[in-house]
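**Student:** If you scroll down you'll find the structure; I have some questions about it.
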Amino acid sequence: MKSYEKLLLENKAWAAERVADDPTFFTRLSKLQTPEYLWIGCSDSRVPANEITGTQPGEIFVHRNIANLVVNTDLNMLSVLQYAVEVLKVKHIIVCGHYGCGGVKAAMTNNSIGIIDKWLRNIKDVHRFNRQEVDSIENEDERVDKMIELNVKEQVMNLAKTSIVQKAWKNSNTPHIHGWVYGLKDGLIKPIFEMPAGTHIDPIYEYDNL
């Protein structure tokens with residue numbers, strides 16, 4: 001059997017199991033999508049949003065990219081964000097990084113690895129903003145872990161600065177934004193930063209005419 005064919009067999013088994021547990025599962029799911037959460041996570045295959053949070057299909061709206069970045073020129077991410085906030089009316093946005101993130105590790109070196117350099121430049125900026133704190137840590141693993149946490153915090157801030165979130169905060173006092181880091185070694189999520197709806201940010205990022 002070819003490796004990808006195993007995925008198709010597993011899909012059939014999974015679908016059959018769902019129907020056995022709940023005969024109306026797919027009928028109900030196909031008619032409505034009302035997730036309470038938007039998850040912005042890393043593309044790393046070891047960090048599946050549904051599995052590590054115990055959520056079911058339809059409960060969490062997911063966007064993933066290398067190192068869970070929120071970049072203000074990324075139309076893919078911004079389109080997901082706008083749909084989640086303005087159409088799905090999610091109440092919470094979660095930015096979830098993970099310890100051992102290869103993207104963050106790569107960004108902390110001077111090695112060029114191709115087109116991804118342009119993407120990782122955003123993480124290099126986070127390092128520059130926090131150079132003194134990060135570089136004062138002697139242990140390499142701990143230094144990378146700190147950068148992973150700081151990167152998550154910066155992406156939460158980047159979300160708060162978008163006109164999409166600013167408009168939602170002004171008009172509906174949602175969504176709340178959460179910064180988490182997932183541990184590959186223990187499977188546990190560590191909350192590291194929170195921005196409740198309406199949190200004050202630098203006035204230069206606030207819009208008067210939304």
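Laboratory data are not the source of any read-out in this text; all were calculated from the coordinates shown. None of the values given here were measured: they were computed from a predicted structure. With ideal geometry, Cβ positions are generated from the backbone for all residues, glycine too; neighbour counts draw on all protein chains shown.
**Student:** Using the number of other C-beta atoms within 10 angstrom as an exposure proxy, rank LYS91, LYS118 with the fewest first. Can you show the working numbers first?
**Tutor:** On the way: LYS91 15, LYS118 8.
Fewest to most other Cβ atoms nearby, the residues stand as LYS118, LYS91.
**Student:** Note down the magnitude of the dipole of the stretch 139-182 about its Cα centre, charges +1 on Lys and Arg C-beta and -1 on Asp and Glu C-beta and zero elsewhere, to the nearest 20 debye.
**Tutor:** 500
**Student:** Based on the mean of other Cβ atoms within 10 Å per residue, sort peptides 78-90, 122-134, 150-162, 192-204 so the most packed one is first. Let's see the in-between values first.
**Tutor:** On the way: 78-90: 17.2, 122-134: 15.5, 150-162: 21.8, 192-204: 12.9.
Put in order of decreasing packing, that is 150-162, 78-90, 122-134, 192-204.
**Student:** With a Cα-only, solvent-free Debye model of the stretch 75-139, what are the log10 I(q)/I(0) values at q = 0.14, 0.15, 0.28, 0.29 Å⁻¹?
**Tutor:** One equal scatterer on each Cα of the stretch 75-139 leads to -0.61, -0.68, -1.21, -1.24.
**Student:** A further question follows. With only Lys, Arg, Asp and Glu charged, each at its Cβ (+1 for the first two, -1 for the last two), find how big the charge dipole of the stretch 35-198 is about the Cα centre; round to the nearest 20 debye.
**Tutor:** Numbers: 18 positive and 19 negative charges, 105 e Å.
I would put it at about 500 debye.
**Student:** If I take all pairs of Cα atoms in the chain, what percentage of them are more than 29 Å from each other? Write out the running numbers ahead of the final one.
**Tutor:** Numbers: 7342 of 21945 pairs.
Beyond 29 Å sits 33 percent of the P(r) for the chain.
**Student:** Under a point spin-label approximation (7 Å from Cα along Cα-to-Cβ), what is the PHE129-GLU194 distance to one decimal in nm?
**Tutor:** In this crude label model, PHE129 to GLU194 measures out at 2.1 nm.
**Student:** Okay, next question. PRE reach from ASP22 (point 7 Å along Cα→Cβ): which of the stretch 46-65 fall under 13 Å by backbone N?
**Tutor:** Answer for the stretch 46-65: 55-60.
**Student:** Which pairs break 20 Å Cα to Cα here: LYS124/LYS185; LYS89/LYS170; LYS89/LYS190; LYS91/LYS170? Could you put the intermediate results ahead of the total?
**Tutor:** On the way: LYS124/LYS185 25 Å; LYS89/LYS170 14 Å; LYS89/LYS190 25 Å; LYS91/LYS170 14 Å.
Distance filter (> 20 Å) returns LYS124/LYS185; LYS89/LYS190.
**Student:** Further, regarding this structure: Considering only DSSP beta bridges with both partners in the chain, what is the antiparallel share in %, to the nearest 5? Mind dumping the intermediate values first?
**Tutor:** Values: 6 of 24 bridges.
Beta bridges within the chain, antiparallel portion: roughly 25 percent.
**Student:** Can you give me the C-alpha center-to-center distance between the stretch 169-187 and the stretch 1-80, rounded to a whole angstrom?
**Tutor:** When both Cα centres are located, 17 Å separates them.
**Student:** I would also like to ask the following. May I ask you to list the residues of the stretch 44-66 whose amide nitrogen lies under 18 Å from a point 7 Å from Cα along the Cα→beta-carbon direction of GLU36?
**Tutor:** Flagged as within label range: 49-62.
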